Amino acid sequence: MAKIILEQNESFEHFHSEKSTTTLLKGNASYRAGDIECNLEIGETILTPANQSHILTNTGYDECIIGCGH
């Protein structure tokens, strides 16, 4: 699992050539892919289809850590 660390208000847009999972490990973050946008809860995992661009944004005051599996 790769770890993505985002500072306050930082966003990261990316995609994978295979389906992937996104899990919030620490902090506060939102997830957006296409028409879907939601706030993640710690431990929550979202499945993203292959080749689907998605954006992760730190919505808290401290850094957040997100796990990404593919």
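Only residues that are among the acidic types (Asp, Glu) and under 18 Å from His14 (Cβ atoms): list them for region 36-62, please. So that I can check it myself, show each step before the final result.
So the first thing to find is which residues in region 36-62 are among the acidic types (Asp, Glu), and the list is 37, 41, 44, 62.
Answer for region 36-62, where residues must be among the acidic types (Asp, Glu) and under 18 Å from His14 (Cβ atoms): just Glu37.
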Inspect region 39-49 for any residue being modelled with pLDDT under 95, surrounded by 16 or more Cβ atoms within 10 Å (Cβ to Cβ) and either at positive phi or not aliphatic (A, V, I, L, M) (or both) and give the result as yes or no. yes
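For region 1-38, how many residues are among the polar types (S, T, N, Q), touching a strand residue (DSSP E or B) at 6+ places or on another chain (Cβ under 9 Å), open to solvent by 30 Å² or more (accessible area, probe 1.4 Å) and more than 11 Å from Gly67 (Cβ to Cβ)?
Within region 1-38, the first condition is being among the polar types (S, T, N, Q), and the residues that meet it are 8-9, 11, 17, 20-23, 28, 30.
Still in the running and touching a strand residue (DSSP E or B) at 6+ places or on another chain (Cβ under 9 Å): 8-9, 11, 20-23, 28, 30.
With open to solvent by 30 Å² or more (accessible area, probe 1.4 Å) added as a condition, the list becomes 8-9, 11, 21, 28.
Still in the list and also more than 11 Å from Gly67 (Cβ to Cβ): 8-9, 11, 28.
Count: 4.
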Can you pull out every residue in region 55-70 that is modelled with pLDDT under 95 and surrounded by 18 or more Cβ atoms within 10 Å (Cβ to Cβ)? Cys68
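The values are calculated or read from the model by the stated rules, or taken from the named source; none is laboratory data. Since this is a predicted model, take the numbers as computed values, not measurements. Cβ sites come from the backbone with ideal geometry, for glycine too, and all protein chains shown count toward neighbours. These accessible areas exclude ligands, DNA and RNA; they are computed on the full protein's heavy atoms, side chains included. Shrake-Rupley method; radii C 1.70, N 1.55, O 1.52, S 1.80 Å.
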